[in-house]
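The values are calculated or read from the model by the stated rules, or taken from the named source; none is laboratory data. Quantities reported herein were computed from a predicted structural model and do not represent experimental measurements. Cβ coordinates were reconstructed from backbone atoms using ideal geometry, including for glycine residues, and neighbour counts include every protein chain displayed.
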Amino acid sequence: MLIEARPATDPELGALLVAQQRELADADGGRDGEVYPLHDGVAYLVVIVGGRAVACGAWQALGPGAAELKRMYVRPAYRGRGIARQLIVALEEEALAADRPVLRLETGTYLPAAIALYRSAGYTPIPAYGEYAGNPYSVCFEKSLAVTSR
């Protein structure tokens, strides 16, 4: 397995993001109705297994010291192999290296597997923030990566 940075214009990343959008539309049953556009200033990572792009994720700077995890997606045939967890760690490492020790994310109430993944990765629930405030289908989480000295 290889995890590598890709530009937003990468066709393999684009295919993953289209698949993610289709799956989200199916999963929310039309409740959310959101179209998730690409954002500027987002750092994308793609997971390669056997020469195929099978997963993606991204992080975007928020305010000073904070970043948001975005666009997490693993193709269904590759789920259950720990790929998402390794991708989260890689995204956390990149954000921390960019002096962003606080990570936030949003997912949908209709994605229980995603909620379980984030909780198990150490993310704790927080009130909906930014563009997600007021969306009844949004569930937001946060994790501090700050290293405490002893």
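Tabulated data for the structure shown
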| quantity | calculated |
| --- | --- |
| Residue match in the range 41-57 (condition: out of contact with any strand residue (DSSP E or B) (no Cβ under 8 Å at 6 or more places or on another chain), basic (Lys, Arg) and at negative phi) | yes |
| Filtered residue count, the range 48-83, keeping only those that are farther than 12 Å from LEU103 by Cα and touching a Gly at 6+ places or on another chain (Cβ under 8 Å) | 3 |
| Single match in LEU16, LEU45 (criterion: at pLDDT 95 or above, under 16 Å from the mean Cα position of the chain (by Cα), closer than 22 Å to GLY82 by Cα and in a helix (DSSP H, G or I)) | LEU16 |
| Within the range 60-82, considering residues that are in contact with a helix residue (DSSP H, G or I) (Cβ under 7 Å, 6 or more places away or on another chain) and outside any loop (DSSP other than H, G, I, E, B), the one farthest from GLU12 (Cα to Cα) | ALA67 |
| Members of the range 83-107 found to be more than 12 Å from ALA55 (Cα to Cα) and either among the aliphatic types (A, V, I, L, M) or touching a helix residue (DSSP H, G or I) at 6+ places or on another chain (Cβ under 6 Å) (or both), listed by number | VAL89, ALA90, LEU91, ALA95, LEU96, ALA97, ALA98, VAL102, LEU103, LEU105, GLU106, THR107 |
| Those residues of the range 131-150 which are part of a helix (DSSP H, G or I) and free of Cβ contacts under 8 Å to residues at least 24 places away in the same chain, in sequence order | GLU131 |
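Each row is one residue, and each column tells you yes or no for (1) surrounded by 14 or more Cβ atoms within 10 Å (Cβ to Cβ); (2) under 16 Å from the mean Cα position of the chain (by Cα).
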site	(1), (2)
MET72	yes, yes
TYR78	yes, no
GLU92	yes, yes
ALA98	no, no
GLU106	yes, yes
TYR129	yes, yes
